[in-house]
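Novice: I have a structure I would like to understand better, so I am pasting it below and will then ask my questions one at a time.
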Amino acid sequence: MAPVSLPERIRAALEPYMQRTAVPGVAAAISYRDEVHVLALGTLALTSAEPVQRDSLFRISSMTKPVTAAAALLLVHRGVITLDEPIERLLPELADRRVLRQLNSPLTDTVPADRPVTVRDLLTFTDGFGQLYRSPTDHPIVAAALSAGLRMGPPAPASQPAPDDWLAQLGSLPLMQQPGHSFLYDTAYDVLSVLIARAAGTDFATFLQDNLFEPLGMVDTSFSVPASKVHRLAAAYTPGSTGLELTDDPRTGQWASEPAFHSGAGGLVSTCDDYLKFARMILNQGRTGSQQLLSPAAVRLMTTDAMSPVQKSRSATIPLDFSTHTWGMGLALVTAPKQLWPQSSYGWTGGLGTHWMTDPQAEVVAVIMTQVAMTTPDSTQLFDDFARAVPVRG
């Protein structure tokens, strides 16, 4: 009997999710050394017969973060910024910070920050401000952040103000924890996007386009979807009590027009082919073709544990379990044996339904994109079943 091919294995693993409408459709791209497989299944929406194609567009949410980290490290390599410089040189709105005495303290119950926030703090989510995943009723800082237009949940490009206004709002609030204390997710990479833009003297979207997307040939990655491409954008859903509920319509939703704020934490739209190009550049130590796009030193920073044992012990397990993983700069790294991906593997996930992992030893890169928010066990299980179908080291 002939061996089952990789696309057939992946199809068999994923088709049941579409049969029970857990997801409308999915696109996946897998590379094993120089061999690339792309698979597209299902439809772009529950109410559409339009099939998912290999160039279908998906909101990649937090898979934006590795791109933002790479952009920041490009500027470090060029000497425009340094990892351990205070961010207030470029972001004076964030100088002289105060810090809540306790996470649930009133906003006036603060102490001075022990030290300034650095670029390294932003890249490692140890800057002291992020998503708490706690009730705004019991935590005044969460209520204040929401009132100020600082996102405390999924990407919302249409609701975020322009960068200068956003930064001023952030600077008006105290930090949740002292700089360097522990991992607090998300907000730091929005701060990074503003810092990168100011350091480069251009807007963040233009910097990414000129320095990453164009050299890599990522022709479909951007912060909004033009009318000429909107027919390729998947509808976005979240699981509800009676099935999938539409949360973003491609033609009228939040990615249908250019946002005021280019979110480095979660704003990009991309395709599985585009993202595979970025991921393979990381695997190849920053090279794409004959061009050294990102320095090997930058790739090492992204793929090496950046968290101290003390920081890990103080950090919540959402969205990263520090007993099995750690954080590099922009990437989660597998640290425990007997995981679906072996130790030294790395990647990241987008909460709206996308996932990327790389096994550098086997030279396997796997990218999968759906558009159902990861709010139920089915969401994570799909990625687990996908991983089981991809041949990686045991």
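Novice: Output the residues belonging to the stretch 117-146 that are within 17 Å of residue 190 (Cβ to Cβ), of a type outside the set (D, E, K, R) and not in a loop (DSSP other than H, G, I, E, B).
Specialist: 118, 119, 122, 123, 141, 142, 144, 145, 146
Novice: Let me ask something additional. Being within 21 Å of residue 84 (Cβ to Cβ) and among the hydroxyl-bearing types (Ser, Thr, Tyr) is the filter here; which residues of the stretch 180-218 pass it?
Specialist: 182, 187, 189, 193
Novice: Which numbered condition trips up residue 131, out of (1) over 24 Å from the mean Cα position of the chain (by Cα); (2) in the same structural domain as residue 178 (by TED's automatic domain parsing)?
Specialist: Residue 131 satisfies all of (1) over 24 Å from the mean Cα position of the chain (by Cα); (2) in the same structural domain as residue 178 (by TED's automatic domain parsing) except (1).
Novice: Also: Filter the stretch 334-364 down to the residues that are of a type in the set (D, E, K, R) and out of contact with any Pro (no Cβ under 9 Å at 6 or more places or on another chain), then identify the one that is surrounded by the fewest Cβ atoms within 10 Å (Cβ to Cβ).
Specialist: Taking the stretch 334-364 first, the residues of a type in the set (D, E, K, R) are 338, 359, 363.
Narrowing further to those that are out of contact with any Pro (no Cβ under 9 Å at 6 or more places or on another chain): 338, 363.
Numbers: 338: 8, 363: 15.
Among residues in the stretch 334-364 that are of a type in the set (D, E, K, R) and out of contact with any Pro (no Cβ under 9 Å at 6 or more places or on another chain), the one surrounded by the fewest Cβ atoms within 10 Å (Cβ to Cβ) is 338.
Novice: Please determine whether any residue of the stretch 44-53 is surrounded by fewer than 21 Cβ atoms within 10 Å (Cβ to Cβ), in contact with a strand residue (DSSP E or B) (Cβ under 8 Å, 6 or more places away or on another chain), farther than 30 Å from residue 158 by Cα and assigned by TED's automatic domain parsing to the domain that holds residue 267.
Specialist: The answer is no, given that none of the residues of the stretch 44-53 is surrounded by fewer than 21 Cβ atoms within 10 Å (Cβ to Cβ), in contact with a strand residue (DSSP E or B) (Cβ under 8 Å, 6 or more places away or on another chain), farther than 30 Å from residue 158 by Cα and assigned by TED's automatic domain parsing to the domain that holds residue 267.
Novice: What about residue 14, is it modelled with pLDDT of 95 or more, farther than 18 Å from residue 389 by Cα and in contact with a strand residue (DSSP E or B) (Cβ under 7 Å, 6 or more places away or on another chain)? Explain how you work it out, then say what you get.
Specialist: Working: modelled with pLDDT of 95 or more: yes; farther than 18 Å from residue 389 by Cα: no; in contact with a strand residue (DSSP E or B) (Cβ under 7 Å, 6 or more places away or on another chain): yes.
So residue 14 fails the test.
Novice: In this structure, is residue 287 free of Cβ contacts under 8 Å to residues at least 24 places away in the same chain, basic (Lys, Arg) and more than 15 Å from residue 357 (Cα to Cα)?
Specialist: Details: free of Cβ contacts under 8 Å to residues at least 24 places away in the same chain: yes; basic (Lys, Arg): yes; more than 15 Å from residue 357 (Cα to Cα): yes.
Here the answer is yes, as residue 287 does meet what is asked.
Novice: Now for a different question. Which strands (runs of 3 or more DSSP E) does the stretch 238-336 wholly contain that include 1 or more residues that are within 30 Å of residue 78 (Cβ to Cβ)?
Specialist: Details: elements: 243-248, 325-327, 332-334.
Strands (runs of 3 or more DSSP E) meeting the threshold: 325-327, 332-334.
Novice: Right, next: Quick one: in the stretch 224-280, which of the residues that are out of contact with any helix residue (DSSP H, G or I) (no Cβ under 9 Å at 6 or more places or on another chain) and among the small types (Gly, Ala, Ser) is surrounded by the most Cβ atoms within 10 Å (Cβ to Cβ)?
Specialist: Here the answer is 234.
Novice: Shifting gears a bit: From 369, 329, 357, grab the single residue that is modelled with pLDDT of 95 or more and either over 29 Å from residue 239 (Cβ atoms) or of a type in the set (S, T, N, Q) (or both). It would help to see each step written out before you state the result.
Specialist: On the way: 369 fails: either over 29 Å from residue 239 (Cβ atoms) or of a type in the set (S, T, N, Q) (or both); 357 fails: either over 29 Å from residue 239 (Cβ atoms) or of a type in the set (S, T, N, Q) (or both).
Result of the check over 369, 329, 357: 329.
Novice: Go through the stretch 138-193 residue by residue and tally those that are touching a strand residue (DSSP E or B) at 6+ places or on another chain (Cβ under 7 Å), over 27 Å from residue 323 (Cα atoms) and among the hydrophobic types (A, V, I, L, M, F, W, C).
Specialist: 1
Novice: In addition: Before we move on, is residue 45 within 21 Å of residue 239 (Cα to Cα) and without any contact (Cβ under 8 Å) to a residue 24 or more places away in the chain?
Specialist: Values: within 21 Å of residue 239 (Cα to Cα): yes; without any contact (Cβ under 8 Å) to a residue 24 or more places away in the chain: no.
No: the conditions fail for residue 45.
Novice: Go through 54, 20, 89, 59 for me and flag whichever is touching a Leu at 6+ places or on another chain (Cβ under 9 Å), of a type in the set (D, E, K, R) and more than 16 Å from residue 250 (Cβ to Cβ).
Specialist: Numbers: 20 fails: touching a Leu at 6+ places or on another chain (Cβ under 9 Å); 89 fails: touching a Leu at 6+ places or on another chain (Cβ under 9 Å); 59 fails: more than 16 Å from residue 250 (Cβ to Cβ).
Selected residue: 54, the only one of 54, 20, 89, 59 that is touching a Leu at 6+ places or on another chain (Cβ under 9 Å), of a type in the set (D, E, K, R) and more than 16 Å from residue 250 (Cβ to Cβ).
Novice: Considering only residues that are surrounded by 15 or more Cβ atoms within 10 Å (Cβ to Cβ) and not in a loop (DSSP other than H, G, I, E, B), which ones fall in the stretch 78-116?
Specialist: 86, 87, 88, 89, 93, 94, 98, 99, 100, 110
Novice: Residues in the stretch 121-151 that are surrounded by fewer than 19 Cβ atoms within 10 Å (Cβ to Cβ), under 29 Å from residue 354 (Cβ atoms) and either aliphatic (A, V, I, L, M) or in contact with a Ser or Thr (Cβ under 7 Å, 6 or more places away or on another chain) (or both): how many?
Specialist: Matching residues across the stretch 121-151 total 3.
Novice: Which of the helices (runs of 4 or more DSSP H) contained wholly in the stretch 159-210 include at least 2 residues that are out of contact with any helix residue (DSSP H, G or I) (no Cβ under 7 Å at 6 or more places or on another chain), within 25 Å of residue 147 (Cα to Cα) and modelled with pLDDT of 95 or more?
Specialist: Working: elements: 163-171, 187-200, 204-208.
It comes to 163-171, 187-200.
Novice: Please count how many residues of the stretch 361-382 are in a helix (DSSP H, G or I) and in contact with a Gly (Cβ under 6 Å, 6 or more places away or on another chain). Lay out the reasoning, then the answer.
Specialist: As a first pass, look at the stretch 361-382 and keep what is in a helix (DSSP H, G or I): 377-382.
Applying the additional criterion that residues be in contact with a Gly (Cβ under 6 Å, 6 or more places away or on another chain) yields none.
Number satisfying all stated conditions: 0.
Novice: Can you tell which of 118, 124, 64 is under 30 Å from residue 286 (Cα atoms) and assigned by TED's automatic domain parsing to the domain that holds residue 328?
Specialist: On inspection, the qualifying residue turns out to be 64.
Novice: So which of 169, 178 ends up being free of Cβ contacts under 8 Å to residues at least 24 places away in the same chain, surrounded by fewer than 21 Cβ atoms within 10 Å (Cβ to Cβ), assigned by TED's automatic domain parsing to the domain that holds residue 94 and of a type in the set (S, T, N, Q)?
Specialist: Values: 178 fails: free of Cβ contacts under 8 Å to residues at least 24 places away in the same chain.
None of the other options fit; the residue is 169.
The values are calculated or read from the model by the stated rules, or taken from the named source; none is laboratory data. Fair warning: this is a prediction, and the values are worked out from it, not measured in the lab. Every residue, glycine among them, receives a Cβ derived from its backbone with ideal geometry; neighbour counts consider all protein chains shown.
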